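Contents: one structure, followed by commentary.
The values are calculated or read from the model by the stated rules, or taken from the named source; none is laboratory data. Worth saying up front: this structure is predicted, and the values here are computed from it rather than measured. Cβ coordinates were reconstructed from backbone atoms using ideal geometry, including for glycine residues, and neighbour counts include every protein chain displayed. Please note that ligands, DNA and RNA were not included when accessible areas were found on the heavy atoms of the full protein model with its side chains. Shrake-Rupley method; radii C 1.70, N 1.55, O 1.52, S 1.80 Å.
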Amino acid sequence: MEHDSSFLDTEAREYGISDDFHAAEVGLANRNHGTALELMRHDITPTGMHYLLTHFDVPFADEQDWKLDIEGEVDRPVSLSMSQIRSMETIEMPVTLECAGNGRALCEKRNRSMPWHNEAVGTSTWIGTPLADVLETIGIRDTAVEIAFIGADRGFDKGHEHNFGRSLTVGQAANRDILLVHGMNGAPLLPQHGYPLRLIVPGWYGMASVKWLNRIEVLDRPYDGFQQIETYRYRKTREEPGDPVSAIRVKSLMIPPGIPDWYSRKRIVDAGTTTVLGRAWSGNGVAVEKVEFSHDGQAWHPARLHPRIGPYAWTQWEVDWNAVPGQYELSCRATDKQGNTQPLAPPWDVAGFGNNVIQKVPVIVR
Ligand SMILES: Nc1nc2c(c(=O)[nH]1)N[C@H]1C(S)=C(S)[C@@H](COP(=O)(O)O)O[C@H]1N2
Ligand SMILES: [Mo]
């Protein structure tokens, strides 16, 4: 691939910065919108308000001629049509998806990428067929080590041209909750969410849920795609190889109470008892054990938890706050059944991945 290297961003996007947002970051934020936190009132995020993260362009696709090719270390390679996939057992599963970069712009130092605050999360009822069933019919050979899932979208990142692709180990891919998805909230997938076919890996950060899926390669070695080995690794320094990003870290968010100031989005709350409510979730289907609320960062008050609508869906919580006139910074903190809890300061990561720091919501009570 020949190109003028000054045209593409080939490597060192600035990192460790704390200045105002670059026009390119604002451009990414315009394309890849988040949800509106007040819509966390809904168990299922209204489809058009599910967050969006698309690295390259949304491919133009027609379900009539879409094919899913499965090849490599398999006994019977196949090229499946959408009508073949639709004829298989269909499951509906509510899954909370969160982008691994959610919270990136709340880090004291950030790298130039999609500048999420808190809004890259949402829950949808995904409709599809278990991946494990499809893999079983084609016969995975004993030589198989990893399975790569490759999308139709193609572009450059740090000078490398590639299709968006991610892998799972053979063991991870055997989880029957992983779905080949063709529908979302009772309708076909929207183009921007992966129409006509995507993967949903419940309990993992969003990068694993490959959109516009048209190729599955069963490999006798670890997958070396750019999005697998270069991006989506927890790193304390740029140089280290790092650890792969996988399961979602425990997190909670509140619906900011009261009414907002349009520009700053700071909140004005009337004095008296206010019910503050929000959502909490963790990775790999682990349930939320407790959520606590604080108006001063000192005392933490337990919230009431509602039952969740599925093992991979977020939990609603609420707490009654006696709001006395003054200025406050509200926060909430979730702990999951494995005892994992949210940190009070962002965990350091060069790319800002997995930032599950407690949310802070400034309010004035009048
Ligand atoms: N093919 C493809 N799949 C992809 C992506 C992408 O850019 N291309 N982005 C990933 C990331 S980083 C996230 S967080 C989720 C977002 O899914 P959504 O846009 O449907 O919310 O899709 C994942 N799957
Ligand atoms: Mo993401």
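Looking at the chain, the accessible area is 46 square angstrom per residue; that uses a 1.4 Å probe and ignores ligands, DNA and RNA.
Rounded to the nearest 500, the helix-only mean residue ellipticity at 222 nm of the chain stands at -2000 deg cm²/dmol, with each DSSP H run of n ≥ 4 adding -39,500 (n - 2.57). Solvent-accessible area of segment 159-227 (1.4 angstrom probe, protein heavy atoms only): carbon and sulfur portion equals 50 percent. Sorting 86-92, 211-217 by their mean Cβ neighbour count within 10 Å, with the most densely packed peptide first, gives 211-217, 86-92.
In this structure, Val78 and Ala36 have a Cβ-Cβ separation that, at R0 = 41 Å, corresponds to a calculated FRET efficiency of about 0.50. Once all protein chains are placed together, Asp243 keeps about 100 Å² accessible to a 1.4 angstrom probe. For the peptides 21-30, 190-199, the ranking by packing is 190-199, 21-30, with the highest mean count of neighbouring Cβ atoms within 10 Å listed first. Projecting label points 7 angstrom from Cα along Cα→Cβ for Ile364 and Tyr263 puts them 1.4 nm apart. Taking 8 Å as the Cα distance limit and 6 or more residues as the minimum spacing, I'd like the relative contact order of the chain as a percentage. Contact order relative to length: 18 percent.
Net length available on complete extension from Arg304 to Ala29 is 95.6 nm, with 0.36 nm assigned per residue and the Cα-Cα distance removed. Available extension along the chain between Lys109 and Leu190 is 25.7 nm, counting 0.36 nm per residue and deducting the alpha carbon span.
When all protein chains stay in place and ligands, DNA and RNA are ignored, the 1.4 Å accessible-area order of Lys236, Lys158, largest first, is Lys236, Lys158. For the listed peptides 136-143, 330-337, a ranking on the average number of other beta carbons within 10 Å per residue, highest first, reads 330-337, 136-143. Accessible surface for Arg13 stands near 70 Å², nearest 10, in the context of the full protein assembly shown (1.4 Å probe). On the beta carbon distance between Glu92 and Thr273, with R0 = 51 Å, the FRET formula returns roughly 0.85.
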